[in-house]
Every structure is written in C-alpha cells, then in structure tokens.
Amino acid sequence: MDKKNIALVMGGYSGEHDISIGSGCQVYEHLDHQKYNVYKIVIDRDGWYCLADNGDHTPVNRHNFTIPGVDHFDLAFIIIHGNPGENGVLQGYFDMLGIPYTTCGFYTSALTFHKGYCNPVVKSFGIVNVARSVLIYDLSQNSLDKLNSANLSYPLFVKPAAGGSSVATTKVKTPEQLIPAIQQAFTEDSQVLIEECITGREFDCGVFRTKEEKLVFPITEIIPIGNHEFFDYQAKYQGFSNEVTPAECTDDITQQIQQTSSQLYDLLNCRGIVRFDYIYDTTRNQLFFLEVNTIPGQSAESIVPKQARAMGISTSQLYEMVIQSAL
C-alpha cells in the first residue's frame with residue numbers, strides 16, 4: 001500500500017508562530033513515519049516552505065499546495081495556532097483544493113476564533129454562563145461611549161477579539177490602566193474585547209470525535225503561580241502555572257464541565273481535537289464559558305495530550321486517531 005503524504009502545517013502570521021512550531025515538531029515526532037510520508041510545512045510572512053530534517057527549505061507552490069517531488073498531499077494536519085490556521089483561512093483554502101484536514105471547518109473556525117462573535121452564540125444556547133463584555137473596533141469617542149454605557153465592573157480583561165495564547169491580554173484593575181491595555185490589544189488585532197473578570201477556578205476540557213465515538217477527556221485545572229493572576233502567556237509557556245489533570249474537584253463540577261463541553265462540540269459543529277476553557281465562580285457556584293480552542297497546543301506539556309494520557313491514550317495513538325478520522 002502506498003504511504004499517505006501528510007502535510008504537517010505549522011507557523012502562521014500571529015504572535016503564536018513559535019508556539020505553533022513547537023507544537024508541530026512535537027506532532028512530527030509522534031507520527032508513524034513507517035506509515036506516512038510526513039512533511040513539515042512552515043507558513044510565515046516571508047513565504048511558505050517545506051522544512052527538511054537537515055534544515056533545508058523548499059518553497060511551497062501555493063497555487064496547488066505542492067512541493068518538488070510531491071504532486072499531492074492526502075491530508076493537511078493543521079497545527080497553526082492563530083492566523084491563518086485557527087481562524088478558518090487555511091480551511092477555506094484547503095476546501096477549494098479538495099485536501100482534507102484535521103480541524104474544524106472554515107465557518108466553525110472563523111466563528112470560534114473571534115471571541116466577540118462566538119460568545120453571544122454560546123450564550124444563546126442557554127447551557128453555560130458568559131461574562132458581560134463589549135466589542136470595540138477603535139478608540140473613537142463612539143467606542144468609548146459604548147464602553148461607558150455598558151457599566152462593566154472592574155477588574156476587566158482586555159484582549160484581542162481574535163487571538164490566542166493570551167497574547168496582548170491584560171487584566172485591568174483601574175480606569176487609568178484601561179486605555180493602555182486597549183492600545184496593546186489593538187497591536188494584535190483590529191477588534192478588542194473588554195470583558196468583566198469572573199473570579200474562580202479555571203478548568204479546561206478537551207473533546208474529540210473519532211470515527212467510532214466522541215471522547216470527552218478528563219478535565220484540567222489551571223492554577224497560576226507567583227505574580228500571575230491568570231493563565232497569561234508566561235503562565236502558559238514559561239512554567240508559571242500548575243496544571244492538575246485530572247482536576248481535583250467534585251464529581252458534580254467535573255460532570256458539568258464535561259457535559260457542557262460535549263454539547264458545545266456538537267452545537268458549534270466541531271471536528272478534530274477541540275479544547276473548551278471555563279471559569280467556575282466558586283462564590284456563586286456557576287460555570288462561565290471563556291473560549292474555544294479549535295487547534296489547542298500540542299507540546300509535550302500541553303493540556304490536551306496530558307488529558308489523553310490520563311485517559312489511557314498515548315500521544316502517538318491520539319494523533320493516529322486524528323489522521324484516521326480526518327481521512
């Protein structure tokens with residue numbers, strides 16, 4: 001049987017470029033190279049290229065997504081966090097070329113990547129709470145009036161509406177900190193979400209539908225340490241957090257998070273591995289939705305691989321199921 005050609009697509013145009021490269025290299029190490037021809041395809045602003053194990057770069061023909069010696073790819077294993085892999089852009093490109101891929105479709109990807117659009121949709125389902133927020137497009141007086149009229153209570157989170165890894169995200173405690181935080185968020189995206197802070201415990205839950213069944217993974221609790229008050233970029237990638245899997249919480253909280261994640265996976269028409277993030281307000285005993293990650297991190301210490309291992313699924317088994325499901 002001929003070996004399938006797998007394009008492992010990594011990199012991207014956002015501040016998560018290097019994180020994506022790390023995830024992609026981790027996936028590359030765990031794929032079955034006896035079964036597949038795996039090619040590391042790096043996308044960045046200077047061009048698209050195939051990265052060989054010896055470091056050589058071979059340009060990618062973007063008209064038909066081929067490289068010299070490979071006239072077709074059987075599958076695109078997309079591992080780009082952020083633009084253009086998590087926001088639907090690459091999915092639409094591969095749809096036009098007729099190349100299957102491992103993630104949600106373009107519409108689901110575009111919707112879930114934009115927090116300002118996704119949150120109202122999730123709220124409309126009526127299965128989980130969503131924090132109050134305001135979406136602004138600039139720093140005009142109209143935008144400031146819109147923000148003031150919402151009467152959001154401090155502290156606030158200011159974040160790019162379409163972004164990940166908490167890049168350019170700030171916890172704002174006083175009005176004096178608000179405008180600088182908004183300006184920083186605008187460096188990452190053209191739209192900014194200002195959201196009320198929900199205090200409590202942060203939980204994540206991965207979901208993946210195989211060819212035979214839907215897997216809802218054990219939940220993880222994120223506990224920032226040191227001076228990190230939330231799961232920011234440093235807490236995510238520089239060790240300033242404890243991630244407990246399975247989370248040490250009551251069965252009721254676990255079941256609520258897993259059931260909500262399973263429902264959202266279906267209601268949002270998700271495919272591939274998806275991670276849902278929440279805050280559990282311990283004062284009000286209420287679960288609040290934070291966001292959807294349709295291409296969650298896949299480094300050795302990333303949350304979803306840990307959840308899979310806690311379920312008895314090795315990293316290599318997980319990625320094999322991803323490929324078989326997509327094919």
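The values are calculated or read from the model by the stated rules, or taken from the named source; none is laboratory data. As the structure is a computational prediction, the values presented were derived from the model and not from experiment. Cβ sites come from the backbone with ideal geometry, for glycine too, and all protein chains shown count toward neighbours. Note: accessible area is taken over every heavy atom of the protein model, side chains too, but ligands, DNA and RNA are not part of it. Shrake-Rupley method; radii C 1.70, N 1.55, O 1.52, S 1.80 Å.
Please find, in a Gaussian network model of the chain (springs between Cα atoms separated by less than 10 Å), the residue of R209, R309, R62 whose mean-square fluctuation is greatest.
R62
Probe radius 1.4 Å, ligands and nucleic acids left out: which of M321, M311, M96 has the largest accessible area, and how do the rest follow?
Descending order: M96, M311, M321.
Can you tell which of P305, P59, P84 shows the greatest fluctuation in a Gaussian network model of the chain with Cα springs below 10 Å?
Evaluated over the chain, the most mobile residue of the options is P59.
Between K173 and H57, what is the FRET efficiency for a Förster distance of 45 Å, r being their Cβ-Cβ separation, to the nearest 0.05?
The calculated FRET efficiency here is 0.45.
In deg cm²/dmol, rounded to 500, what helix-only [θ] at 222 nm does the chain give when every DSSP H run of at least 4 residues adds -39500 (n - 2.57) and the total is split over its residues?
Helix-only estimate at 222 nm: -9500 deg cm²/dmol.
Consider the candidate values (1) 62, 46, 37; (2) 56, 45, 35; (3) 85, 58, 42; state which one is Cα extents along the principal axes in Å computed from the structure displayed.
(1)
Once both labels are modelled 7 Å past Cα along the beta-carbon direction, what's the E196-D46 spacing in nm?
In this crude spin-label approximation the distance works out to 4.7 nm.
Using a cut-off of 15 Å between beta-carbons, work out the net charge of the residues near Q34 (Lys and Arg +1, Asp and Glu -1, Q34 not included).
Local net charge: -1.
Considering Cα pairs under 8 angstrom that are at least six residues apart, work out the relative contact order of the chain and quote it in whole percent.
18 percent
With both bridge residues required to lie in the chain, what share of the DSSP beta bridges run antiparallel, to the nearest 5%?
Rounded to the nearest five, the antiparallel share is 75 percent.
Between helix 141-150 and the chain, what is the angle of the helix's C-alpha long axis to the longest principal axis, kept within 0 to 90° and rounded to the nearest 10?
Rounded to the nearest ten degrees, it is 70.
So if I place +1 on the C-beta of Lys and Arg and -1 on the C-beta of Asp and Glu, and nothing else carries charge, what would the dipole magnitude of the chain be about its Cα centre? I want it in debye, nearest 20.
Its charge dipole is roughly 420 debye.
Which lysines, on any chain, are close to K40 with Cα under 23 Å apart, when same-chain ones fewer than 8 places away are left out?
List returned: K3, K4.
Between L139 and C249, what is the label-to-label distance in nm when each label sits 7 Å out along the Cα-to-Cβ direction?
Roughly 3.6 nm, to one decimal.
Which of the lysines could be linked to K173 by a straight reach, that is with a Cα gap under 20 Å, when you skip same-chain ones fewer than 8 residues away?
Partners within reach: K146, K159.
Measuring from a point 7 Å past the Cα of V70 along Cα-to-C-beta, which residues in the stretch 85-102 have an amide N at less than 18 Å?
85, 90-91, 93-95, 97-102
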